[in-house]
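Shown next, in structure tokens, is the structure this report addresses.
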Amino acid sequence: MMVHRTVNKQSTLFYNDVKSPKTRKGRYKWYHHLCFIYLFTTITTTTTTITRGIVVHATSTTSTEIMKEEEVEYRYHPSQYVSSYQSLREEVMTTAAAALEQEPDDECINGRNRNNNNNNIHYYSKGRNNNITVAAVQMQSLPSKTHAQGSGGDGSRTNNNDAMNFLYRAEQAVIQAVTEHNATLVLLQELFLGPYFCQSQNAELFALAEKDIAALQEEKEKRNDNENKACGRDNTMVEHPSPKNPIISRLSKLARKYNVILPISIFERKNNAYFNSVVMIDSDGSILGTYRKSHIPDGTGYQEKFYFSPGDTGFKVFHTRMGVVVGVGICWDQWFPEAARSMALMGADLLLYPTAIGTEPQDPTLDSADHWQRTMQGHAAANMVPVVASNRIGTEILLDDNGEEKQRIRFYGRSFITDETGAIVKEAKDGTIMDIITSEIDVEANRATRSAWGLFRDRRPELYHVLKTKDGHLPMNNAS
């Protein structure tokens, strides 16, 4: 999280309020004392900053530097985290979301009325009719004991449930992206509801999979008079389809309340099949559909083939109420240009990649961060479509049954946003607990530029049969 220090003005105000000694020597004496106090507190004092319920502790270095924290190694045991996650499910089903209860009832956040019945309206904020603002969130996994949650009735709420903290911090990041950066789409990292559990093969972890992630049920929702008045509504009871899965339902209400598009990365179970999926939630809280990860990696520390079947949805794009067409790939998908081109051909204005990538346990000296970025920059440039990538950051340590370290991965962050030429316009900071980066995109201008460039006009799909082969060998009847 980018938290900027403000200069401590107390010493300056104190100096101005004190009646200055009449002599120059006296004035210098006061000034030197106060300067020493200011420098001492700035350099050595531990500062606590609270930003919308997220408490960050950091040791000050200078008065203008971005606040950073020493890296906290997140250690987890699979069975203990499964128990924590099951408690999360119970809490979500039986209690209201504390983070949402503390926000204003007025649904028209930043002047955006989400209850207009005109399905063709573009729900942009005031004065920005041609642009959308996309945000990528980069978060470090934190043990619950180091992360105090805000917003109980007394202003503080500590939850020792690790899984609940992952969800709570994600919600707070979304709220912050909307209220502080006016974001209309917020991308969270891959499988953000916990540590990256695919470091090893453990059958217990299948219990983390969520069912009915795209299933709907009818629900009546009552709105209070303040909401109706603020949004120009007469009705106080609204009936609409609601997600059946409790976690997706909770995040759907968050999207609706803050008028924001939320691609939700989640471990999905469908009967006896398991997928690494993204549920696309539109800005009115409706479910636009699900994409299942197509390319599944298998290597030391990234043993996803044990948990996930290859996706069967094919590549998809989602037409949002904001007027932007969104394509999404998941992590390993980002290395395949065919995926990006397919989504661009289907009309994607924006490509999203929630990600979990870092060091290679078998060779900690291998750093693929630059290669990783350049690959997606190439997708943006070749298709003239902006790319948004959200990656994890920080060290996650897998523990064995004796509580000893079994394996670790340091996720290197480097989340970024490109323009339509592939140039990186925003990149997340290293060494921060959380960072939110944003960029405005002029969708209509990008479409015009893409058309004028002629890349899609001049394609020759009849020559690309070789792309449908595994080994590059074409049957004789398809050979030119």
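Out of the residues in the stretch 349-387 meeting the condition of being over 21 Å from Y302 (Cα atoms) and under 17 Å from the mean Cα position of the chain (by Cα), tell me which one is surrounded by the fewest Cβ atoms within 10 Å (Cβ to Cβ).
The qualifying residue surrounded by the fewest Cβ atoms within 10 Å (Cβ to Cβ) is P386.
Test D312 against the stated conditions and say whether it is part of a loop (DSSP other than H, G, I, E, B), modelled with pLDDT of 95 or more and not small (G, A, S).
So D312 fits the description; yes.
Within the stretch 263-272, which residues are farther than 23 Å from E90 by Cβ and buried (at least 21 other Cβ atoms within 10 Å of the Cβ)?
Residue satisfying the conditions is P263 alone.
Looking at (1) within 28 Å of L193 (Cα to Cα); (2) surrounded by 13 or more Cβ atoms within 10 Å (Cβ to Cβ), which one does D442 not meet, given that it meets all the others?
In the conditions (1) within 28 Å of L193 (Cα to Cα); (2) surrounded by 13 or more Cβ atoms within 10 Å (Cβ to Cβ), D442 misses (1) alone.
Given the options T418, T469, T438, T395, name the one that is closer than 30 Å to I175 by Cα and modelled with pLDDT under 95.
Being closer than 30 Å to I175 by Cα and modelled with pLDDT under 95 holds for just one of T418, T469, T438, T395, which is T395.
What is the one condition in (1) closer than 16 Å to A255 by Cα; (2) open to solvent by 10 Å² or more (accessible area, probe 1.4 Å); (3) in contact with a Ser or Thr (Cβ under 8 Å, 6 or more places away or on another chain) that T313 does not satisfy?
Unmet for T313, out of (1) closer than 16 Å to A255 by Cα; (2) open to solvent by 10 Å² or more (accessible area, probe 1.4 Å); (3) in contact with a Ser or Thr (Cβ under 8 Å, 6 or more places away or on another chain): (1).
So, L463, is that one open to solvent by 50 Å² or more (accessible area, probe 1.4 Å), hydrophobic (A, V, I, L, M, F, W, C) and out of contact with any Asp or Glu (no Cβ under 9 Å at 6 or more places or on another chain) or not?
yes
Being among the hydroxyl-bearing types (S, T, Y) and either within 25 Å of the chain's Cα centre (by Cα) or at pLDDT 90 or above (or both) is the filter here, so list the residues in the stretch 234-256 that pass it.
S242, S249, S252 - these are the residues of the stretch 234-256 that are among the hydroxyl-bearing types (S, T, Y) and either within 25 Å of the chain's Cα centre (by Cα) or at pLDDT 90 or above (or both).
Any idea which of (1) hydroxyl-bearing (S, T, Y); (2) open to solvent by less than 20 Å² (accessible area, probe 1.4 Å); (3) under 14 Å from L350 (Cα atoms) is the one T421 doesn't satisfy?
(2)
Would you point out which residue out of F275, F308 is over 27 Å from V134 (Cα atoms), surrounded by 17 or more Cβ atoms within 10 Å (Cβ to Cβ), in contact with a strand residue (DSSP E or B) (Cβ under 6 Å, 6 or more places away or on another chain) and not acidic (D, E)?
F308
I need the full set of residues from the stretch 302-343 which are of a type in the set (G, A, S) and under 23 Å from S286 (Cβ atoms), in order please.
G311, G314, G323, G327, G329, listed by residue number.
(1) open to solvent by less than 30 Å² (accessible area, probe 1.4 Å); (2) modelled with pLDDT of 85 or more; (3) more than 13 Å from A163 (Cβ to Cβ); (4) not β-branched (V, I, T): which one isn't true of A98, the others all being true?
(2)
Right, L455: touching a residue at least 12 places away in the same chain (Cβ under 8 Å), part of a loop (DSSP other than H, G, I, E, B) and open to solvent by less than 90 Å² (accessible area, probe 1.4 Å) or not?
Considered against the rule, which asks whether it is touching a residue at least 12 places away in the same chain (Cβ under 8 Å), part of a loop (DSSP other than H, G, I, E, B) and open to solvent by less than 90 Å² (accessible area, probe 1.4 Å), L455 comes out as yes.
Just the residues that are in a loop (DSSP other than H, G, I, E, B), without any contact (Cβ under 8 Å) to a residue 60 or more places away in the chain and not aliphatic (A, V, I, L, M), please, taken from the stretch 402-430.
N402, E404, R414, D419, E420, T421, G422, D430
Counting just the residues of the stretch 278-297 that are within 21 Å of E171 (Cα to Cα) and touching a Lys or Arg at 6+ places or on another chain (Cβ under 6 Å), which one comes out most open to solvent (accessible area, probe 1.4 Å)?
That would be D284.
Of (1) of a type in the set (S, T, N, Q); (2) open to solvent by less than 40 Å² (accessible area, probe 1.4 Å); (3) closer than 26 Å to Q217 by Cα, Q334 satisfies all except one. Which?
Here Q334 clears every test but (3).
The values are calculated or read from the model by the stated rules, or taken from the named source; none is laboratory data. Just so it is clear, the structure is predicted and the values come from calculations on it, not from any experiment. Positions of Cβ are backbone-derived with ideal geometry, glycine not excepted, and every protein chain shown enters the neighbour counts. The accessibility values were calculated without ligands, DNA or RNA, using every heavy atom of the protein model including side chains. Shrake-Rupley method; radii C 1.70, N 1.55, O 1.52, S 1.80 Å.
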